[in-house]
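Chemist: Right, I'll just put the structure down here and ask away after.
The values are calculated or read from the model by the stated rules, or taken from the named source; none is laboratory data. As the structure is a computational prediction, the values presented were derived from the model and not from experiment. Using ideal geometry, Cβ is built from the backbone for each residue, glycine included, and neighbour counts are taken over all protein chains shown. The area values use the complete protein model at the heavy-atom level, side chains included, leaving out ligands, DNA and RNA. Shrake-Rupley method; radii C 1.70, N 1.55, O 1.52, S 1.80 Å.
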Amino acid sequence: MKKYILVAVLLFTVLSVNAQQVSSRAKAVRMLAYARPEYQVKDVKVYADTMTVFSLADYPIYPFGKWNTVEQYITNSQLLWYRESGYKSFYDTMTVAVNTLSRLDGSNINWYRSIWTKNLEMVSAKITDTAVVMDNGIKVGMTKEEVFKVIFKSYPKSYTSEINVLKVIAGAAEVGEIYTFKGNKLRHIKVISRYKYY
């Protein structure tokens, strides 16, 4: 009798895990249908408290807009930035000339000017300052609903209630933004890049 109970418990556990996976997949498929066309979303993945959106748009690649020089961005942002230029090591084997813009709270943006695109290309960024606004209008301090409405036209709120991390990744998965929520507020924005600029 104990064997039957043990088998029943194991079967129930396996079925409930599969049901949760199907639920995550169903949420992802449905969220894909709600995506705004300008984001050119090609896939959505939901795993635990993280939603990953794969986009072919320029927003993940140029999260602060397209600029030819650091001065253009500083003038446009109308914020006081502390600027530092120098060489930094990235990707283990590569040293590049990087312009770092910093705010008093520790927020910073690291850019490299590509000789091929003639644009400032992202190396990395960490934003906690509410005055810094991304090109898509997202800034720290916004509600979770406000952030999701930038990327999705509409969606069931229950689909995002458990989400604490939203990743918006470029189609090639080399550049992306990571939005971290605490409760219902956006607390931290991180920009990551694995793209090698030559």
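Chemist: Could you grab me the full set of residues in the stretch 25-56 that are assigned to a helix (DSSP H, G or I) and not hydroxyl-bearing (Ser, Thr, Tyr)?
Modeler: Arg25, Ala26, Lys27, Ala28, Val29, Arg30, Met31, Leu32, Ala33, Pro37, Glu38
Chemist: Which numbered condition trips up Asp105, out of (1) surrounded by fewer than 17 Cβ atoms within 10 Å (Cβ to Cβ); (2) closer than 14 Å to Trp81 by Cα; (3) in contact with a strand residue (DSSP E or B) (Cβ under 7 Å, 6 or more places away or on another chain)?
Modeler: Answer for Asp105: the failing condition is (3).
Chemist: Those residues that are over 16 Å from Leu80 (Cβ atoms) and among the hydrophobic types (A, V, I, L, M, F, W, C), I need them from the stretch 130-144; list them, please.
Modeler: Selection gives Met134, Ile138, Val140, Met142.
Chemist: Here is a further query. Kindly establish whether Ala35 is surrounded by 13 or more Cβ atoms within 10 Å (Cβ to Cβ) and modelled with pLDDT under 85.
Modeler: no
Chemist: Of (1) open to solvent by 90 Å² or more (accessible area, probe 1.4 Å); (2) at pLDDT below 90, Lys66 satisfies all except one. Which?
Modeler: For Lys66, the exception is condition (2).
Chemist: Could you say whether any residue in the stretch 100-111 is aromatic (Phe, Trp, Tyr) and more than 19 Å from the chain's Cα centre (by Cα)?
Modeler: Taking every residue of the stretch 100-111 in turn, none turns out to be aromatic (Phe, Trp, Tyr) and more than 19 Å from the chain's Cα centre (by Cα).
Quick grid of which residues meet (1) farther than 15 Å from Phe181 by Cα; (2) modelled with pLDDT under 90:
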position	(1), (2)
Arg83	yes, no
Gly86	yes, yes
Leu101	yes, no
Trp116	yes, yes
Asn136	yes, no
Thr143	no, no
Val147	no, no
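Chemist: Being part of a loop (DSSP other than H, G, I, E, B) and surrounded by 12 or more Cβ atoms within 10 Å (Cβ to Cβ) is the filter here; which residues of the stretch 155-168 pass it?
Modeler: Those that are part of a loop (DSSP other than H, G, I, E, B) and surrounded by 12 or more Cβ atoms within 10 Å (Cβ to Cβ): Tyr155, Thr160, Glu162, Ile163, Asn164.
Chemist: Scan the stretch 146-162 and tell me whether some residue there is under 27 Å from Thr95 (Cα atoms) and of a type in the set (Val, Ile, Thr).
Modeler: no
Okay, residues lined up against (1) more than 12 Å from the chain's Cα centre (by Cα); (2) surrounded by 15 or more Cβ atoms within 10 Å (Cβ to Cβ); (3) touching a residue at least 60 places away in the same chain (Cβ under 8 Å):
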| position | (1), (2), (3) |
| --- | --- |
| Glu121 | yes, yes, yes |
| Ala125 | no, yes, yes |
| Lys144 | yes, yes, no |
| Val147 | no, yes, no |
| Lys153 | yes, no, yes |
| Ala170 | no, yes, yes |
| Lys182 | yes, no, no |
| Val191 | no, yes, yes |
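Chemist: Under 6 Å by Cβ, and 6 or more places apart or on different chains, what pairs join a residue from the stretch 39-62 that is on the phi > 0 side of the Ramachandran plot with one that is open to solvent by 20 Å² or more (accessible area, probe 1.4 Å) and not charged (D, E, K, R)?
Modeler: Gln40/Leu56
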